[in-house]
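The values are calculated or read from the model by the stated rules, or taken from the named source; none is laboratory data. All values reported here derive from a predicted model rather than from experimental measurement. Don't worry about glycine lacking a Cβ; one is built from the backbone with ideal geometry, like all the others, and counts go over all protein chains shown.
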Amino acid sequence: MKFGKTFESLLTTEWRQQYMNYALELYYKDFETVFFSTCLEELNRVNEFFQQKVSESRRKLATLKYQFLVSDRHRDPLGHAKSKMHLEDEEHRKPLSQRKLRLASSEFYLSLIMLQNYQTLNHTAFRKICKKYDKYIKSNAGMYWFKGHALNAEYAKPTELVTMLKAVEDLYTAYLTNGDRSKAMAKLRVPPLGEKTSPTRVFLSGLFLGLFIVGTVMSVISWFTLDLKPDFKFMFVSLLRGPLMLIVYGIYLSLNVGIWQKVGINHVLIFELEHRNHMGFLGGLEIASFCGYLLTIVVLAYLYSDEFGIKEYYILPLIYITVIAVMILNPIRLLNYPFRIWLMKLCGRVMAAPFFYVGFADFWMGDQMTSMVQCFVDHYYLFRFYIRYYNKEENSYGFEPDYGVALIRCLPAWFRFAQCLRRYRDSGSKSKQYLMNAVKYSLSILVVIFSTIQMETNSNYNYMFENPWTWLYLFTALLTSVYCLFWDLVKDFGLFKIWKWENLFLRENLVYPKWFYYFAIVENSLLRFVWILEIVFIYFDVLNIYNCKSLIIFCEITRRFVWNLLRLENEHLNNCGKFRATRDIFLTTLNPTEELLLERMMDESDQRSSGRPSSQTLERLLVNEWREQYVNYELLKEKIKMGVDEAPDSHDYPLILIHEYYEEVKYEFFTACATEMVKVQLFFKEKLAASHRKQESFKATLVESREVGGAAGSGIRQFHMRYPTMFPQQQPQTIRQLRNAYSEFYLSLILLQNYQTLNQTAFRKICKKYDKNFSSSEGQMWYKTVVERSPFTYKKDLKNIIEEVEELFTQYLTQGDRSKAMTRLRVPPLGQPQNPFRVFFAGLFLGLFLVAALLAGISYIFLDLDDTFRVLFVHLYRGPFLLICYYFLVGANLFIWQRAGINYVLIFELNPRHYLTSTAVLQIASTLAYGWMLCALAFLHHDMLQVEKPFYFPLIFLGVVIAVVLNPFPILEYSARMWLLSRLIRILAGPFLYVTFADFWLSEQITSLTLCLVDHYMLCRFVIRYYGEVGNPFEFEPDYGVAILRVLPAWLRMCQCFRRYMEGTSKSYWYGLNALKYSLSIVTVVFSTIQMETNAKYQSLFHNPWTYGYILSALCCTIYQSFWDLRNDFGLFHAQHNCLREKLIYRKSLYYFIIIAELLLRSFWLLELFLVIETYRH
């Protein structure tokens, strides 16, 4: 990723204007004086803001320290003596609660981390922009300016920030976790800024969304196609509309969060959520989709209650609501526990509005409730129905409004009215704005009162408009809508502040596109008066009242969705104006005596040493093939742990013995470090020397190629003579092969650079850990004297080779186009997380596939299909479906290889810049499976779809898949498709081309997919016979084409084995023995074919002599193949004491399971033989 995008994604949005303006290089690229003067202005602005924030943090830290001292009645655990002022005052000062101190410490620590991020980003931005200036201008002035100004600036000095972070950690550890530092850091630690959402959450959100979409489509189709009675429809809507609208609201709210995250609105701060475990867009979508999927199951069970034999189908909505309520209210710390607690506390504060201070989140939730009034009314109807139904009252099925409905409609407006009065009471200025807002909600309560009276008195008049209460209701409703519209646009959205043409009717600062604000004005204006449409529709009998209510509530939820976007934006801009990026937790007001103590405490200075465990990082980023050559970080860490755990107690042993013990620990530890250091140095020196030799060979080849006029052929042939190991099996004849070789060499340099950096980091971390555990500085001294002076930490040699490779590649292979060269050379970061979009769509299509597969299975079992149609369905759809299942298993293989650290990218010779991950394979497999299941459903329900010839469906799908695989455009996983096609061609041309591991691996897969190939052959033969009117298309008996297809994969593998034997210098007999394995497979197929052809001549199966030939050959083949798999392919049965081998990657139990599974599944053909024998007997 370009740094400009990284810079934009990691900055704190509330401080956006105070960051260094990285975009200035576009304007001042050619003007040195203007450029550096602008840089100086940016530097001064950054310095000023940083010093201001550090001063605030210094005072906050001193206040926090003082509050901890007040909360402790005895001596400070950190060793600070209490001052006289403190001792005199603490008798009158009530200490704060542990919860408030914990919250204040956590938020203050977060603010320090954000300030540290601000410091790091600006420092990197100045360094990058100066480097970019030097690159464009061909000058060193940028680096000189950076070293002279930026490096010496106040913001570039991390000491004070680090000291404050250390102080907060120590205070939290000493006072709030009883000295448990690991527990303290677990509470304080902030996830990396810009961290991606967990792949598990992304996948589950896609999965549940897919399930929900399919369930929704099925429910809608069932609603319109089933012959439902009006009473049934009325009950269905009355019971399920409330839960359904809550799901719609949940999806809207998830979209709100996603849009806020996209445009940089800090909803976490605005809602006062916890930064460390808040739920983002995908978390909300996961919950809404899961609840929606459960609701679609209830809806389908309700609609098909007769088919499922459900008599008491009225109870289904109650079961759904009970399940959701249990999930929300359960006290167990799972299922988004922090979000559930936050939501319940927020709802409780809203309902107790007059008695608590009202924050933004409180009145925001109150506003949401005002839009969800009809949902609450529907749930009230629901519970009233169940009470009446189980009490067997006469009016059980009545859903007429009563006074309970009027009360529920008034409650949300009352909550907001009480909140406004509370805000007015708490505001120091006694702003009338809160009273004006309270008037808005009092009008809403009047509307409900007049509406209720009007409905109660309508029976006394001939028609609605004769009732005087109707006019009073209409007047108050109109007045309320106008007032609410004004408040939305002017107060909540902050619009109509500019009356000029540039931003007419808007404001100065806009986050969304300008057109969206005009759309919001029109949309909010129309939907505020949608109740008029309800009156018109009901008065003129256009819609039923329950359908009309459904339309109204959907419109209100949609209006609230747009309202949320603009209301949060307005609050966010207010926070930006105050540079407020974290919550301000006010502890207490200090008196003058405490102020003096505070000033004295602010003069204290502490030392800071930061450190984080790096073992997981090392494990994730190392190159697996070099694993043994990395520093053994776990071994060194274990030595430190043993030294600490086995340390003698100072009360039981004399000091001289304790000193000798620690000297011995030190000796063992640094001896182990020196051993690891020698290992790392030798390996790095060897790899660096090899890289030097390769680089010289490349350089000479490219120069000679240029000297002969740029002709690629002669230069590359000379390259092959100088450097034959790059292409050991084939002569490079094109510039493309040289470019690929150079790209691979660049990758090896990047891996070596990564090796260098990781080992240096590991030594630094382990020395720091030693000093921390033994309260020493010898670790840092050893690091500085040994590691920093070691040749392997000298980065200039390797960096020079990398830069030279880039220059040569640019000059000779991309005609001087550096950006094109770097695009080809650049390697993605090691340990890069999965693409969240790919993970999401993998889950989405998997969810769609699971529901479609369930429907196809139910349809196949329960539909009244004749035997011929069932046989036809199996033969047409089995082959592609098995192929898709195999693709799922390949995805599982990739996932396990990734987790186990097996470098399949190298083994299969894939492009390390563009290769398929397990998630990508899962996405492709799920997409294909979903499409295939839709074809299967259309085939099974062709009568309902009125399709006369459903045999087109599988053919069309296969045609689309083949077109996608064969298309030459660089889209749709182009690299993977080209790799697959090239490998298939190499397999078919097995005897004529060199055989690599990827070639015979793919050929082995084809031998396991023989039945799939036969099924596809049967499918094509059916289509030819059916549409060509040749023979009987509905016969699926095997012919000689089937025998050829069964022989072909084994023949190709046998040819590969002979090719490997011919190319091997030692003419290893193992290749011949491997070829024998596949020749036995061919013999087995031949005997099987002859046996099937001659069975008709004999009375029983075992009267046919070819049966015994087939069984004998199959048995020999099974035994031989099982031996070969276990002994040669798996490498087992080599160890002396057990049936495994010395080095194991997976768990030992897995190998024993594989041995048993291999023997059983290789003999599975015996079960088929048994079934055939039973068929002959009957």
Worksheet item: Is it fair to say ASP426 is closer than 23 Å to VAL373 by Cα and under 47 Å from the mean Cα position of the chain (by Cα)?
Response: no
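Identify the residue in the range 748-789 that is of a type in the set (Ser, Thr, Tyr) and either buried (at least 18 other Cβ atoms within 10 Å of the Cβ) or in contact with an Asp or Glu (Cβ under 9 Å, 6 or more places away or on another chain) (or both) and, among all such residues, is farthest from ALA672 (Cα to Cα). Steps first, please.
First pass over the range 748-789, keeping only residues of a type in the set (Ser, Thr, Tyr): 748, 755, 757, 761, 770, 775-777, 783, 785.
When the remaining residues are screened for being either buried (at least 18 other Cβ atoms within 10 Å of the Cβ) or in contact with an Asp or Glu (Cβ under 9 Å, 6 or more places away or on another chain) (or both), the result is 755, 770, 777, 783.
Details: TYR755: 19, TYR770: 13, SER777: 18, TYR783: 13 Å.
Top of the filtered list is TYR755.
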Discussion item. On the basis of being touching a His at 6+ places or on another chain (Cβ under 6 Å) and either more than 30 Å from LEU752 (Cβ to Cβ) or surrounded by 16 or more Cβ atoms within 10 Å (Cβ to Cβ) (or both), does GLY857 make the cut?
Written reply: no
Worksheet, complete the sentence: Checked pairs for the range 725-753, first at pLDDT below 70, second of a type in the set (Phe, Trp, Tyr), C-beta under 6 Å and 6 or more apart or across chains, list as GLN729/TYR994
Discussion item. Considering only residues that are surrounded by fewer than 21 Cβ atoms within 10 Å (Cβ to Cβ) and either assigned to a helix (DSSP H, G or I) or touching a residue at least 12 places away in the same chain (Cβ under 8 Å) (or both), which ones fall in the range 147-165?
Written reply: LYS147, GLY148, HIS149, ALA153, GLU154, ALA156, PRO158, THR159, GLU160, VAL162, THR163
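Has the range 772-782 got any residue that is within 26 Å of PHE669 (Cα to Cα), in a helix (DSSP H, G or I) and among the small types (Gly, Ala, Ser)?
Of all residues in the range 772-782, those within 26 Å of PHE669 (Cα to Cα) come to 772-782.
Checking which are in a helix (DSSP H, G or I) leaves us with 772-774, 778-782.
From the residues that got through so far, the ones that are among the small types (Gly, Ala, Ser) too are 779.
For the range 772-782, residues within 26 Å of PHE669 (Cα to Cα), in a helix (DSSP H, G or I) and among the small types (Gly, Ala, Ser): present.
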Discussion item. Filter the range 836-880 down to the residues that are among the acidic types (Asp, Glu) and outside any helix (DSSP H, G or I) and list them by number.
Written reply: ASP864, ASP866
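Each row is one residue, and each column tells you yes or no for (1) at pLDDT 90 or above; (2) not assigned by TED's automatic domain parsing to the domain that holds GLN116; (3) not acidic (Asp, Glu).
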{"position": "LEU526", "(1), (2), (3)": "yes, yes, yes"}
{"position": "PHE529", "(1), (2), (3)": "yes, yes, yes"}
{"position": "ASN547", "(1), (2), (3)": "no, yes, yes"}
{"position": "SER550", "(1), (2), (3)": "no, yes, yes"}
{"position": "ARG559", "(1), (2), (3)": "yes, yes, yes"}
{"position": "GLU569", "(1), (2), (3)": "no, yes, no"}
Discussion item. Going residue by residue through the range 1101-1110, is there one that turns out to be more than 46 Å from the chain's Cα centre (by Cα), of a type in the set (Val, Ile, Thr) and assigned to a helix (DSSP H, G or I)?
Written reply: yes
Discussion item. Quick check on my filter: what residues within the range 488-518 are over 15 Å from GLU571 (Cα atoms), under 39 Å from the mean Cα position of the chain (by Cα), surrounded by 12 or more Cβ atoms within 10 Å (Cβ to Cβ) and of a type in the set (Phe, Trp, Tyr)?
Written reply: PHE516, TYR517, TYR518
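ARG1025: surrounded by fewer than 17 Cβ atoms within 10 Å (Cβ to Cβ) and basic (Lys, Arg), yes or no? Spell out how you get there, then give the answer.
On the way: surrounded by fewer than 17 Cβ atoms within 10 Å (Cβ to Cβ): yes; basic (Lys, Arg): yes.
So ARG1025 passes the test.
Residue-by-condition table, conditions (1) closer than 19 Å to GLY359 by Cβ; (2) surrounded by fewer than 18 Cβ atoms within 10 Å (Cβ to Cβ); (3) within 44 Å of the chain's Cα centre (by Cα):
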{"position": "ALA413", "(1), (2), (3)": "no, no, yes"}
{"position": "PHE417", "(1), (2), (3)": "yes, no, yes"}
{"position": "ARG422", "(1), (2), (3)": "yes, no, yes"}
{"position": "SER431", "(1), (2), (3)": "yes, yes, no"}
Discussion item. Exactly one of these conditions fails for LEU657: (1) surrounded by fewer than 17 Cβ atoms within 10 Å (Cβ to Cβ); (2) among the hydrophobic types (A, V, I, L, M, F, W, C); (3) in contact (Cβ under 8 Å) with a residue 60 or more places away in the chain. Give me its number.
Written reply: (3)
Worksheet item: Just checking, which of LEU543, LEU566 is in a helix (DSSP H, G or I), more than 21 Å from PHE376 (Cβ to Cβ) and in contact with a helix residue (DSSP H, G or I) (Cβ under 8 Å, 6 or more places away or on another chain)?
Response: LEU566
Discussion item. Could you check the range 897-940 and list, in sequence order, the residues that are charged (D, E, K, R), on the phi < 0 side of the Ramachandran plot and outside any helix (DSSP H, G or I)?
Written reply: ARG913
Item to complete: Go through the range 131-141 residue by residue and tally those that are in a helix (DSSP H, G or I) and over 39 Å from the mean Cα position of the chain (by Cα).
Response: 2
Discussion item. Quick test of your reading of the structure: SER1149 fulfils all but one of (1) closer than 23 Å to SER1008 by Cβ; (2) without any contact (Cβ under 8 Å) to a residue 12 or more places away in the chain; (3) assigned to a helix (DSSP H, G or I). Name the failing condition by number.
Written reply: (1)
